[in-house]
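Here is the structure we will look at.
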Amino acid sequence: MNVLVIGGGGREHALVKALSRSEHTEQIHAVPGNSSMEKYAAVHSDINDSDIERIVALAIKENITWTVIGPEAPLTAGLADALEAADIKVFGPRKLEAQLESSKAFAKNIMIKYGIPTAEYQAFTNLIDATEYIKQQGAPIVIKKDGLAAGKGVAVAMTETEALDALKEMFVEGENKPVVIEEFLEGEEFSLMVLVNGDYILPFDIVAQDHKRAYDSDTGPNTGGMGAYAPVRHIGEDVIDEAINNIVKPTAEAMVKEGLDYFGVMYLGAIITKEGVKTIEFNARFGDPEAQILLELLESDFIDVLEAVKNQEPYELKFSRDSMLGVILASQGYPKTYEKGASVIIPERLEDEIFNSGLKHIEDERYETTGGRVMLVTGRGSTLEEAKKTAYKNTEQIKFNNEALFYRNDIGERGV
């Protein structure tokens, strides 16, 4: 069968690789894709990933059986709805269901209504009331902008001054989007990917741990993710079961009760608190960079997995027993202002160890940066320590101007 992947980052690079390993795949297409995907797929860089009309036309022309949507923006734009209407199987929730990610207020309302463990919160539509609330609550406190922000529209403010500064940034003049202010939850975070179809759920057997802050020791601003590893062996099955039974399953059932029909990935960002596992956030797609790690460890045929979820059939996911760790190289200045066009040399032998998030191939081993997060450099081994050592050894072999890129040196430290 012919398949189509929507998106052009590292997560989509991983999806294309996973689909290329399926015995059912004949031809893969990627929109807009990136230069690293050309090894596996026909890349349509002239089509934007939110250009619904052209994507549907391409899917019909190329006789696409399955479309897998990677990023959140096309989901929110209603791409899944349009593909479904054209009789093309699509893995990714429709616009209504994608509100679980696209509207923090929507997600919070669902959780509060159905008693799903999460932080206490208030939503505000004006700066004066929000400012007063923060002064009443004090710090630490969490401020989230409603809507899509690629993992960066969150401020974890440790002081009242930081909170008020973040608030001013998030209340943009002319916008009418709520800002959600949450209590600060303390504990260890983890990411759980669950494949959902209505009230049917198929959780990944292993969890990953992302590193959101820009700099070592979890300092600096929140980002889309600076690295990840899996499995997280020090988080036990009892914790994962609690997350599934108390959060994921009730959320899937709540969506059904609300008259919604969720089909796709339900990404749970969770935290282990003294009161038990609580929800930090839901995303309506695979996490990035967690997807790159988890999909590489997945040994099941990805098309078989999609068909099982589509048909709500029992299915046992199979993962490698290896550990895997990835380090994000990012443009200096990310997650705020950064420059593009920096030269990067990647040795050919590392091609299969790297997931392209923001790189353009120029010639031979030379690339140029095109985004904030540039690439995920991975390492694999029988232990996490071995995987970490390999990932950082690989990272050191990539050549670039020292001022152009940066990365964290402590990815996976908790697990080791």
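No lab work stands behind these numbers, since they all come straight from the coordinates. The shown structure was predicted, so the numbers you read here are calculated from the model rather than taken from an experiment. Every residue, glycine as well, gets a Cβ built from its backbone with ideal geometry; the counts of neighbours run over all protein chains shown.
Assuming R0 = 45 Å, can you tell me the calculated FRET efficiency for the pair N245 and E365, based on Cβ-Cβ distance, to the nearest 0.05?
0.40
What distance in nm separates the simple spin-label points at S343 and Q27, each placed 7 Å from Cα in the Cβ direction?
Simple spin-label model gives 3.8 nm for this pair.
With label points built 7 Å along Cα→Cβ from the Cα atoms of D205 and D218, find their separation and express it in nm.
So the label points at D205 and D218 sit 2.9 nm apart.
Using alpha carbons only, how many angstrom separate the centre of region 317-379 from the centre of region 214-232?
When both Cα centres are located, 15 Å separates them.
For region 104-135, list residues with backbone N below 12 Å from a point placed 7 Å from the Cα of T273 toward its Cβ?
From region 104-135, the list is 116-121.
Give the long-range amide H neighbours of Y262: residues separated by 5 or more places, or on another chain, with amide H under 5 Å away, using H modelled in the peptide plane at 1.01 Å from N.
Those lying under 5 Å, H to H, from Y262 are G198.
Only helical DSSP H runs with n ≥ 4 go in: add -39500 (n - 2.57) per run for the chain, normalise by residue count and round the 222 nm mean residue ellipticity to 500 deg cm²/dmol.
The per-residue figure over the chain is -8000 deg cm²/dmol.
From the cross-link list K89/K145; K61/K108; K39/K61; K17/K177; K104/K389; K249/K336, which pairs have alpha carbons spaced over 29 Å apart?
K89/K145; K61/K108; K17/K177; K104/K389; K249/K336
What FRET efficiency comes out for N311 versus Y133 if R0 is 60 angstrom and r is the Cβ-Cβ distance? Round to the nearest 0.05.
Taking R0 as 60 Å, the efficiency between N311 and Y133 is 0.80.
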